[in-house]
Amino acid sequence: MTLARSDYGAVIVGAGIVGLFTAYHLARAGAGPILVVDRGFLSSGGSGRNGGGVRQQWATRSTIRLARESVSAFRRFSSEFGYNIWFRQGGYVFLAEGPGELERLRSIHDVVRSEGLPSRMLSAEEVGRYVDGIAPGAVVGGSYLASDGTVYPFPAVWGLFEAARALGVEVALGTEALGLIVRDARVAGIATSEGNAATPVVVNAAGGWSAEFSQRAGLAVPNVPSRHEILATEPTKPFLDPMVVRASDGLYFSQTMRGELVGGLSVPHVPGTARGVPSSPRFLTAMARALVDLLPRLAGLGVLRAWTGYYDDTPDGLPVLGEDPRLPGFVHANGFGGHGFMLAPASSRRVAAVVLGEPIEPAVREFSIDRFLSPARTAHTETLQLG
Ligand SMILES: Cc1cc2nc3c(=O)[nH]c(=O)nc-3n(C[C@H](O)[C@H](O)[C@H](O)COP(=O)(O)OP(=O)(O)OC[C@H]3O[C@@H](n4cnc5c(N)ncnc54)[C@H](O)[C@@H]3O)c2cc1C
């Protein structure tokens with residue numbers, strides 16, 4: 001597919017939730033012709049491979065604010081875009097297996113509450129009311145926020161794809177971004193597998209491949225892709241409203257409205273994308289054991305399918321948003337770890353504001369790549385990169 005034009009107001013690399021949302025915000029603001037390129041197909045990246053969890057319980061205020069704004073956007077999504085994303089606010093329960101984890105959850109709960117969100121600490125007995133059938137003695141308590149929840153990711157991507165195109169955005173699937181054209185030490189264009197195009201702005205929304213694309217642009221970044229596995233079981237009678245996350249090891253699962261359990265657990269993999277995204281028997285065994293130990297009622301439940309995808313990890317667990325000072329015109333929208341779907345609406349609104357040249361919001365400054373270029377400036381670390 002050849003590109004429709006030879007020049008664009010901005011080019012976005014990656015047609016996942018972040019790239020499409022950014023394109024949508026830009027097009028709504030009336031920005032010049034926008035091109036989104038993706039070498040894969042729609043939902044081939046993390047946006048089509050995730051667990052659909054949406055939470056506002058975070059350790060850092062800046063992440064809580066992104067998450068909170070994003071929850072409002074997900075609540076509006078179906079009426080705004082005409083696609084039902086099945087956003088269900090069934091809450092998130094974090095489980096503590098011991099007193100240390102409980103203290104950790106309590107300190108996070110204090111931050112969440114101070115941001116105006118009514119999270120609650122739960123006793124072991126109260127956890128049992130939300131997670132029916134939990135093994136006796138498996139937890140000492142937990143934390144809970146009722147307005148957290150889950151979405152069905154695919155219609156969110158479809159809705160944004162349609163909405164962006166209806167606003168005139170060109171989305172070129174099967175088109176690889178090969179590198180940048182740099183003139184006078186700033187971005188002047190992009191080289192793609194379908195030809196070159198002039199543009200003053202390129203947004204790196206390449207998800208787990210963001211480091212690869214930054215490197216193609218000649219920029220070293222600390223992002224590291226890591227493979228994570230997830231599975232869906234056969235349906236079972238609905239018994240679980242919230243998403244459940246265990247604080248000690250990040251085991252997470254929720255039950256869909258069809259009754260399937262969907263969840264994951266991190267097992268070690270060599271970092272990087274070179275080995276592709278195969279599922280491993282090791283994950284199936286570890287996940288089955290963890291689930292059945294915690295919820296004996298799940299013994300004997302069959303696994304329907306398992307799949308994997310990449311997190312895009314950063315050293316401090318926070319995303320990277322905004323223009324790279326080393327190369328004016330190169331804008332980051334990446335580094336979301338395993339939580340980019342839930343943070344996409346608010347993050348991409350901020351990225352679009354940067355592209356539009358609007359005043360930089362404090363939150364964008366906090367997420368700037370600057371913090372890694374001068375290590376003394378790394379101010380916060382997100383410690384709830386779980387699930
Ligand atoms: C197993 C798993 C579970 C997860 N669970 C959750 C969850 O519960 N909640 C949550 O919020 N997040 C979750 N995530 C993370 C979430 O899926 C991602 O953070 C999010 O989807 C990232 O969106 P994105 O648009 O940045 O990237 P992606 O959706 O990965 O899109 C990036 C796109 O860039 C394209 N691309 C890359 N390089 C190039 C190039 N050079 N040229 C052209 N195109 C290129 C790729 O083809 C890809 O389509 C999970 C991830 C995984 C793997």
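Criterion first (within 13 Å of the ligand (Cβ to nearest atom), surrounded by fewer than 18 Cβ atoms within 10 Å (Cβ to Cβ) and either in the same structural domain as Asp132 (by TED's automatic domain parsing) or in a loop (DSSP other than H, G, I, E, B) (or both)) does Val267 satisfy it? It is true that Val267 is within 13 Å of the ligand (Cβ to nearest atom), surrounded by fewer than 18 Cβ atoms within 10 Å (Cβ to Cβ) and either in the same structural domain as Asp132 (by TED's automatic domain parsing) or in a loop (DSSP other than H, G, I, E, B) (or both). Within the stretch 41-59, the residues that satisfy the criterion of being in contact with a strand residue (DSSP E or B) (Cβ under 8 Å, 6 or more places away or on another chain) and assigned to a loop (DSSP other than H, G, I, E, B) are Phe41, Leu42, Ser44, Gly45, Arg49, Asn50, Gly51, Gly52, Arg55, Gln56, Gln57. Please verify whether Ser72 is surrounded by fewer than 20 Cβ atoms within 10 Å (Cβ to Cβ), at pLDDT 95 or above and within 12 Å of the ligand (Cβ to nearest atom), treating the condition exactly as stated. So Ser72 fails the test.
One residue alone among Ala220, Ala163, Ala206, Ala232 is within 9 Å of the ligand (Cβ to nearest atom) and either at pLDDT below 95 or under 23 Å from the mean Cα position of the chain (by Cα) (or both), and that residue is Ala206.
Sub-9 Å Cβ pairs linking a first residue in the stretch 65-85 that is in a loop (DSSP other than H, G, I, E, B) to a second residue that is among the polar types (S, T, N, Q) and modelled with pLDDT of 95 or more, at least 6 apart or interchain, are Asn84/Ser78; Ile85/Ser78, ordered by first then second residue.
Considered as a group, the residues in the stretch 328-368 that are farther than 25 Å from Arg55 by Cβ and in contact (Cβ under 8 Å) with a residue 60 or more places away in the chain include one that is farthest from the chain's Cα centre (by Cα), and that residue is Pro328. Out of Ala188, Ala172, I need the residue that is touching a strand residue (DSSP E or B) at 6+ places or on another chain (Cβ under 8 Å), within 14 Å of the ligand (Cβ to nearest atom) and farther than 30 Å from Ser248 by Cα. Which one? From the options Ala188, Ala172, the qualifying one is Ala172. Among residues of the stretch 287-305 being of a type outside the set (A, V, I, L, M, F, W, C) and under 23 Å from Ser248 (Cβ atoms), the one that is surrounded by the fewest Cβ atoms within 10 Å (Cβ to Cβ) is Arg289.
The set of residues in the stretch 41-66 that are buried (at least 18 other Cβ atoms within 10 Å of the Cβ) and hydrophobic (A, V, I, L, M, F, W, C) comprises Leu42, Val54, Trp58, Ala59, Ile64, Leu66. Within the stretch 48-65, the set of residues being more than 8 Å from the ligand (Cβ to nearest atom), closer than 20 Å to Val18 by Cα and β-branched (Val, Ile, Thr) comprises Thr63, Ile64. Restricting Ala363, Ala299, Ala344, Ala353 to residues that are away from the ligand (no atom under 14 Å from the Cβ), hydrophobic (A, V, I, L, M, F, W, C) and within 29 Å of Arg258 (Cβ to Cβ) narrows the list to Ala299. Here the stretch 12-40 is the region considered, the condition is being part of a loop (DSSP other than H, G, I, E, B) and more than 8 Å from the ligand (Cβ to nearest atom), and the residue that is surrounded by the fewest Cβ atoms within 10 Å (Cβ to Cβ) is Gly30. I'd like to know if the stretch 32-52 contains one or more residues that are at pLDDT below 95 and out of contact with any helix residue (DSSP H, G or I) (no Cβ under 7 Å at 6 or more places or on another chain). Yes. Within the stretch 346-369, is even one residue assigned to a loop (DSSP other than H, G, I, E, B), among the β-branched types (Val, Ile, Thr), in the same structural domain as Val36 (by TED's automatic domain parsing) and modelled with pLDDT of 95 or more? The answer is yes, given that some residue of the stretch 346-369 is assigned to a loop (DSSP other than H, G, I, E, B), among the β-branched types (Val, Ile, Thr), in the same structural domain as Val36 (by TED's automatic domain parsing) and modelled with pLDDT of 95 or more. Do you know which residues across the stretch 190-209 are in a loop (DSSP other than H, G, I, E, B) and in contact with a Ser or Thr (Cβ under 7 Å, 6 or more places away or on another chain)? Correct list: Ser193, Glu194, Ala205.
The values are calculated or read from the model by the stated rules, or taken from the named source; none is laboratory data. Note that the structure is a prediction, hence the values are computed from the model and not measured. When we count neighbours, we look across all protein chains shown, and the Cβ atoms used for this are built from the backbone with ideal geometry, even at glycine.
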